[in-house]
Amino acid sequence: MITHKQFDNDFKYIEIQNKQAEAKIALQGAHLFHYKVKDKASLLWLSDSAYFEEGKAIRGGIPICFPWFGKNKEDPSLPQHGFARTQLWTVVLEEEIDEGTTYIQLQLKPNTHTLTQWAYLFDVTLDIIIGHELSIALSVTNTDTKPFEISTALHTYFSVSDIDNISIKGLENRAYYDALEEKTSIQDGDILIQEEVDRVYVNPTETITLLDRDEKISLQQEGSNSLVVWNPWIEKSKQMADMTEDGYRTMVCLETSNAREDARVLQAKESHVLRAEFKYG
Ligand code: BG6
């Protein structure tokens, strides 16, 4: 079942329920903010104090970072992570493929707001498949006559039982840029989160595994050669109005991205697809 809903303040979202899973997608940002497989806990973390308000990004789920990731290189005063997560997207397709699989496609087109911040014409679609597995793909086409550079992310917030219970596999011996230390290091063994972490890993293995006690979640990526690992820990959380004091303990971001050196240049008419697939086991 696909239902169009809205909160009291008119903030619109789509609710999906099928035999395998349930999900919620906000039209602002094409933001998947809930996904849960039957008989499992929620896969995605959502802050207890997240905003569902026009013009404010939702803290949790899968924010879409486009056309730049992090700070804008030319103008750092522009909104962090680009405008896609606070723009209103249009639903292009919604289809119940079978009893356990629902397909939603949303689109973002340039408008006066996007052109003021980024003077390029583009066609961006987000394909979301909700079933026993979750698939999300961001497709960007350059519809302009000049090339442009994009730096993007599927900024996934995973919900975890407790930050002390998790380990992340698939990044052993990989180089990463540590945004806190502003230097490059090499990952030694599995990743454990015991402090603030803000890193861009280069050349991750195709499948990243998140282990949380007995639960194993696999993240498979395509069109990406960088993975961001982020946890704000205690002090940074206090500075965020949409993060509760102990929220950092039940989340970790593993972001399928084209970040830093993995930014892509698209010539006129060229397209790029960034895809992430999530499954248990
Ligand atoms: C991560 C960045 O991707 O997103 C961090 O690496 C940043 O530096 C975090 O703090 C959250 O960003 P925002 O804009 O949603 O608060």
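Assorted remarks:
- Residue 146 contributes about 90 Å² of solvent-accessible surface, heavy atoms of the protein only, 1.4 Å probe.
- With a Förster radius of 25 Å applied to the C-beta separation of residue 17 and residue 190, the computed FRET efficiency comes to 0.10.
- Just the protein heavy atoms count here, and of the accessible area of segment 26-83 at 1.4 Å, carbon and sulfur take up 49 percent.
- For the set 36/236; 40/238; 19/279; 236/279; 56/236, the pairs lying more than 24 angstrom apart at their alpha carbons are 36/236; 40/238; 236/279.
- Entry note, the chain: relative contact order of 18 percent, from Cα contacts under 8 Å with a spacing of 6+ residues.
- Efficiency of FRET between residue 143 and residue 209 - r from beta-carbon atoms, R0 51 angstrom, step 0.05: 0.85
- Largest to smallest accessible area among 233, 45 [probe 1.4 Å]: 233, 45
- In this structure, the amide hydrogen of residue 197, modeled 1.01 Å from its nitrogen in the peptide plane, lies closer than 5 angstrom to those of 231, 233, counting only residues at least 5 positions away or on a different chain.
- Helix-only mean residue ellipticity at 222 nm for the chain, each DSSP H run of n ≥ 4 adding -39500 (n - 2.57), per residue, nearest 500: -1000 deg cm²/dmol
- Solvent exposure ordering (accessible area, 1.4 Å, most first) of 113, 34: 113, 34
- Residue 95 versus residue 80: modelled label distance in nm, points set 7 Å from Cα along the beta carbon direction: 3.8
- When only the Cβ of Lys, Arg, Asp and Glu is charged (+1, +1, -1, -1), the dipole of the chain relative to its Cα centre reaches about 440 debye.
- In order along segment 212-224, the phi-based Karplus estimate (6.51 cos²θ - 1.76 cosθ + 1.60, θ = phi - 60°) of 3J(HN,Hα) comes to 9, 6, 8, 8, 10, 10, 9, 10, 10, 10, 9, x, 9 Hz; Gly and Pro are listed as x.
- Between residue 71 and residue 268, residue separation times 0.36 nm minus the direct Cα-Cα distance comes to 68.5 nm.
- Using θ = phi - 60° in the Karplus curve 6.51 cos²θ - 1.76 cosθ + 1.60, the 3J(HN,Hα) couplings for segment 252-266 round to 8, 9, 10, 10, 5, 9, 10, 9, 6, 5, 8, 4, 10, 9, 10 Hz; x is entered for Gly and Pro.
- Along the axis of the charge dipole computed for segment 2-280 (Cβ charges of +1 for Lys and Arg, -1 for Asp and Glu, origin at the Cα centre), the listed residues 230, 72, 45 are led at the positive end by 72.
- Cα gyration tensor shape for segment 69-183, rounded if a/c is under 1.5, else prolate or oblate: oblate
- Note on residue 182 and residue 235: the extension gain reaches 17.2 nm, defined as 0.36 nm multiplied by sequence separation minus the Cα-Cα distance.
- Anchor residue 216: aspartates and glutamates whose Cα lies under 19 Å away (excluding residues fewer than 8 positions away in-chain): 39, 133, 162, 164, 172, 190, 206, 255, 277
- Calculated accessible area for segment 126-171 comes out at 28 Å² per residue, all protein chains present (probe 1.4 Å; ligands, DNA, RNA ignored).
- Dipole magnitude (debye, nearest 20) for segment 33-160, charges at Cβ of Lys, Arg, Asp, Glu: 520
- Length gained on full extension, residue 54 to residue 218, computed as 0.36 nm times the residue gap minus the Cα-Cα distance: 55.8 nm.
- Convex hull volume per residue for segment 115-231, taking Cα atoms only, in Å³: 143
The values are calculated or read from the model by the stated rules, or taken from the named source; none is laboratory data. Every value quoted in this text rests on a predicted model; they were computed, and no experiment measured them. Methodologically, a virtual Cβ is constructed for each residue, glycine included, from the backbone with ideal geometry; neighbour enumeration extends over all protein chains shown. Surface accessibility is based on the protein's heavy atoms, side chains included, excluding ligands, DNA and RNA. Shrake-Rupley method; radii C 1.70, N 1.55, O 1.52, S 1.80 Å.
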